[in-house]
Structures are given as structure tokens and as C-alpha cells.
1. Consider S317 carefully, then state whether it is surrounded by 18 or more Cβ atoms within 10 Å (Cβ to Cβ), touching an Asp or Glu at 6+ places or on another chain (Cβ under 9 Å) and among the polar types (S, T, N, Q).
2. Listed residues A11, A36; which is in contact with a helix residue (DSSP H, G or I) (Cβ under 7 Å, 6 or more places away or on another chain), in a loop (DSSP other than H, G, I, E, B) and closer than 18 Å to H77 by Cα?
3. With the structure loaded, tell me whether S46 is hydroxyl-bearing (S, T, Y), within 14 Å of the ligand (Cβ to nearest atom) and more than 24 Å from P156 (Cα to Cα) or whether it fails that test.
4. From K82, K113, K108, grab the single residue that is touching a residue at least 24 places away in the same chain (Cβ under 8 Å), in a helix (DSSP H, G or I), within 12 Å of the ligand (Cβ to nearest atom) and charged (D, E, K, R).
5. Being assigned by TED's automatic domain parsing to the domain that holds N321, more than 16 Å from the ligand (Cβ to nearest atom) and on the phi < 0 side of the Ramachandran plot narrows it down to one residue among I178, I213; which is it?
6. Just to be sure before I move on: is E102 of a type outside the set (S, T, N, Q), more than 30 Å from D327 (Cα to Cα) and either more than 10 Å from the ligand (Cβ to nearest atom) or in a helix (DSSP H, G or I) (or both) in the structure I sent?
7. Could you pull out the residue among G143, G134 that is of a type outside the set (S, T, Y), more than 12 Å from the ligand (Cβ to nearest atom) and either touching a Cys at 6+ places or on another chain (Cβ under 8 Å) or assigned to a helix (DSSP H, G or I) (or both)?
8. Taking V97 and the conditions (1) in a helix (DSSP H, G or I); (2) touching a Phe, Trp or Tyr at 6+ places or on another chain (Cβ under 9 Å); (3) in the same structural domain as K20 (by TED's automatic domain parsing); (4) under 20 Å from N297 (Cβ atoms), which numbered condition does it fall short on, given that it satisfies the others?
Amino acid sequence: MERIKLLLAGAGFMGQKHLKAAQCLDSAFYVGIVDANIKAAQKLGSKYSLNCFSDIEQALEKTKADAVDVCVPTPYHLSTIKHCAEYGAHVLCEKPVSRTIEDALEIKRIADKKNIRIMVAQVLRFWPEYVHAGEIASSGKYGKILSIECKRLSSPPAWNSWIIQPQGGGGAVIDLQIHDMDFVLKLLGKPQSIQSVGRLYKGAVNAVHNKLIYAKEVSVLIESSFLFPESYPFRMFFKIEFEKAILEMDFWRVKGERLKVYPQKGSSYYPVLPGKDAYREEIDYFSKRLIDGEKFNDSPFEESILALKMCLASEKSCLNNQIVMID
Ligand SMILES: NC(=O)c1ccc[n+]([C@@H]2O[C@H](COP(=O)([O-])OP(=O)(O)OC[C@H]3O[C@@H](n4cnc5c(N)ncnc54)[C@H](O)[C@@H]3O)[C@@H](O)[C@H]2O)c1
């Protein structure tokens, strides 16, 4: 099979995770690393014997990459993607697609104009426990969803300071909770409105509780925080109440027992899930869709914009103490 040549942009936390996860894929391989900080690129590049650059135009010219894996800080997604589009390279972009809807729409406009393909790396769409919950929901096996509760609880990121800042990553209300907003969006579609309460830290909403309001009868609560103490290990959690069963996922449980099903009839059980790495899966999926020319149906760009809209509405609700409609 033809393999996609990937250029990694951004050698930080996520760039390192992607590169490690995607070793020995049949669908793609990395041909270089670009980072504004050449030392960061070189440190990572020496581990994987990759050419390193500090300038993206030069990196694209020299590596002849088919696609760029964009792992630079969120405020630089747009400028990085502009370079990719000028060169004609497709884009796998880390979430959130951008800090603002204006940037997201500009990214879409540029991609359409220059005929490049973009997928946002909404990793929960490839995370086995979350994928399984989606499959159960769409199968109708346990009836319809009555309620959902999601949590994503973390201490402030230790590896950078821009994520928790208002003009950087936008804080937990944007950077962290976009994962669960996107998960709920996939399960239930777009809510009508959102009511949120949050706590400011360093000028951004870094702890937030939300109620998502739907026309249909379903209750949805999401909590996200970057303000938990370091002594509290990172936790992601969901509980989905179906008509005929409860599904509960807790990242704190050992692998293989994280997702548990409690049916109304019969005993509880742990579904057997593929032990797949979600980051590897998303890079593989992106590369395969470039090869076969099929759409990114598992992670459509329009839904990544909608997930961002939901986060921005949550931020507005916190800041103005009001229910915010989602258009
Ligand atoms: N999917 C997830 O679970 C997850 C987790 C964390 C971060 N992220 C996302 O990944 C992206 C990167 O976050 P991170 O935590 O890896 O950041 P980071 O700060 O750890 O690393 C960013 C790297 O990009 C480099 N850089 C900065 N501006 C650049 C530019 N204009 N061109 C090239 N390189 C540049 C920096 O020198 C740094 O090495 C963000 O969009 C973030 O929201 C996703």
C-alpha cells in the first residue's frame, strides 16, 4: 500500500505522543519535524532519526510531505494551516480546531479554496471505551439514552502555560471540555442551549459545570477542570443511562475494566474491547482516508466546529451568568 508522508509540526507534548503512537503504521510514516524552537525539534528528531526544521515552508519543500500533523499551540493552527494549504499538504489538526469560530471558518475557507483535506484529531472518536459506548447507543440494544454525565478532571498542565490562558488554549472550558462536548455531540447531536457555571483562574474559565439542554427528554451534565490538585490523578469518566442499562467508564480503573455495563436484566459485565491506542488509530484513520479518497465520516470537520461552538457557548454562559443558545 502507498504510505502517506507526514510532517510533524510541533514537537511538544502532543507531537511527541503522536510520533510515538504512529510508529510502524502501514498507512503513513513521518518524514520530518518542524518546530519554532529548533532545539525541541532536534531533541525529538534525534530519537527517531528525522530531519528537523524551524521554518515550515522549508520543511514542506525539503520533505515533500503529503500531509502535516499539526500539534502547535492552538492560536497558531490557522497560520500553520495557511502554509500547508499554500503548499498543497493535507492536514490532521489537533483539537480544538482553533480558539475562535472566525479562525475555524477561515481554515475551512482556505482548505476548500486550495483543495486540501482537513481532519481534526478529536481523539475520543477513536478511544475504545468511547467508541463502544457510541456503538451501543446506535445499535439500540439498551434502548434510548435518558441521561449522560461526563467528567474530565486534571491538575494544571505541567508542560506549558499557554493552555490555561484566555488567549492561549482558553482554559479548561475550551481546551479540555471540547473532548466531552464532542462525545455528547456524537451521541445526541447539537443541544439547543447550555447553562454553565465556572471558576476563573489566570483570566480563563479553568473549572466548569454545564447543563446541556435538548428539545428531547434527556439530561446531560459535563464537568471539566484544570484546577484539581496534583495529588488527584488525571481522571476521565462517563455514565450513560439507557432505558435498559447503565454504562460507566472510569479511567481510574485498571485497563480492561474501565468500561462496565450494568444491564437491567442479568449481571454486570466488562465488554471486551480492542486494546488499541486511540492516537495511533486516529493517525491511521486519517492516512487511510487520504489513500482511499473517502470522507472523514468518523470525525467530520463540521462537527469539530460545532464542538467548539458548544465550548464557546459554555464559556459565554459562565462569564455572563446566562443560558446561551447554540445556533
Ligand atoms: N488530544 C489531546 O488529548 C491533547 C492534549 C494536549 C494538547 N492537545 C492539543 O495539541 C496542541 C499542542 O499542544 P501541546 O500540549 O503539545 O503544546 P506544547 O506547548 O507542549 O508544544 C507545542 C510545540 O509547538 C512549538 N511551536 C509553537 N509555535 C509554533 C509555530 N508557530 N510553528 C511551529 N512550532 C511551534 C513549541 O515550540 C512547542 O514545542 C494544542 O492544540 C492542544 O490543544 C491535545
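The values are calculated or read from the model by the stated rules, or taken from the named source; none is laboratory data. Given the structure is predicted, the values throughout are model-derived calculations rather than measurements. Neighbour counts are summed over all protein chains in view; Cβ atoms, including those assigned to glycine, are modelled from backbone coordinates with ideal geometry.
1. It is false that S317 is surrounded by 18 or more Cβ atoms within 10 Å (Cβ to Cβ), touching an Asp or Glu at 6+ places or on another chain (Cβ under 9 Å) and among the polar types (S, T, N, Q).
2. Exactly one of A11, A36 is in contact with a helix residue (DSSP H, G or I) (Cβ under 7 Å, 6 or more places away or on another chain), in a loop (DSSP other than H, G, I, E, B) and closer than 18 Å to H77 by Cα, namely A11.
3. Here the answer is no, as S46 does not meet what is asked.
4. Working: K113 fails: within 12 Å of the ligand (Cβ to nearest atom); K108 fails: within 12 Å of the ligand (Cβ to nearest atom).
Exactly one residue qualifies, and that residue is K82.
5. I213
6. no
7. Numbers: G143 fails: either touching a Cys at 6+ places or on another chain (Cβ under 8 Å) or assigned to a helix (DSSP H, G or I) (or both).
Going through G143, G134 in turn, just one is of a type outside the set (S, T, Y), more than 12 Å from the ligand (Cβ to nearest atom) and either touching a Cys at 6+ places or on another chain (Cβ under 8 Å) or assigned to a helix (DSSP H, G or I) (or both): G134.
8. (1)
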